[in-house]
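Structure record follows, encoded as structure tokens.
The values are calculated or read from the model by the stated rules, or taken from the named source; none is laboratory data. The model shown is predicted, which means the values in this text are computed figures rather than measured ones. Neighbour counts are summed over all protein chains in view; Cβ atoms, including those assigned to glycine, are modelled from backbone coordinates with ideal geometry. We work out accessible area using only protein heavy atoms, side chains counted, and drop any ligands, DNA or RNA first. Shrake-Rupley method; radii C 1.70, N 1.55, O 1.52, S 1.80 Å.
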Amino acid sequence: MSPNREQVQFRVPVPLIDRADALATALETDRTDVLVTALREYLQDAVHDDTLVQEIAAAYYDDEISDEQLEALVGAEETANQRVLKQQLDEEFVDELAER
């Protein structure tokens, strides 16, 4: 295994694996290549889905994902924008608490 790859295990419905295997056969490749390509395309498409982008941002604001993880998902420019928004939200929250 190459040094920049990690082995993972997960359970997948049999019909989905059957489809992946059939596609791998048709493309003369292996199941791993089909699954990696599918995952890569899903992650690329996710940043163009407003609902998913909102969920990603919420996870970032709630400190469930790091700056590095956010950047891997949405890119450097959007991460910079989200960082500024998060800072503003944090400052507003502190101001609201101070007023109470």
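Of the residues making up the stretch 54-100, those that are among the polar types (S, T, N, Q), part of a helix (DSSP H, G or I) and without any contact (Cβ under 8 Å) to a residue 12 or more places away in the chain are Gln54, Gln69, Asn81, Gln87, Gln88. Restricting the search to the stretch 42-74, which residues are surrounded by 10 or more Cβ atoms within 10 Å (Cβ to Cβ), within 22 Å of Asp90 (Cα to Cα) and of a type outside the set (A, V, I, L, M)? Once the filter is applied, which keeps residues that are surrounded by 10 or more Cβ atoms within 10 Å (Cβ to Cβ), within 22 Å of Asp90 (Cα to Cα) and of a type outside the set (A, V, I, L, M), the stretch 42-74 yields Gln54, Glu55, Tyr60, Tyr61, Glu64, Ser66, Asp67, Gln69, Glu71.
Checking Leu23, Leu16, Leu35 one by one, the residue that is touching a residue at least 12 places away in the same chain (Cβ under 8 Å), open to solvent by less than 100 Å² (accessible area, probe 1.4 Å) and either out of contact with any Ser or Thr (no Cβ under 6 Å at 6 or more places or on another chain) or closer than 22 Å to Glu71 by Cβ (or both) is Leu35 and no other. Here Asp18 meets each of (1) under 27 Å from Val74 (Cβ atoms); (2) outside any loop (DSSP other than H, G, I, E, B); (3) not aliphatic (A, V, I, L, M) with one exception, condition (1).
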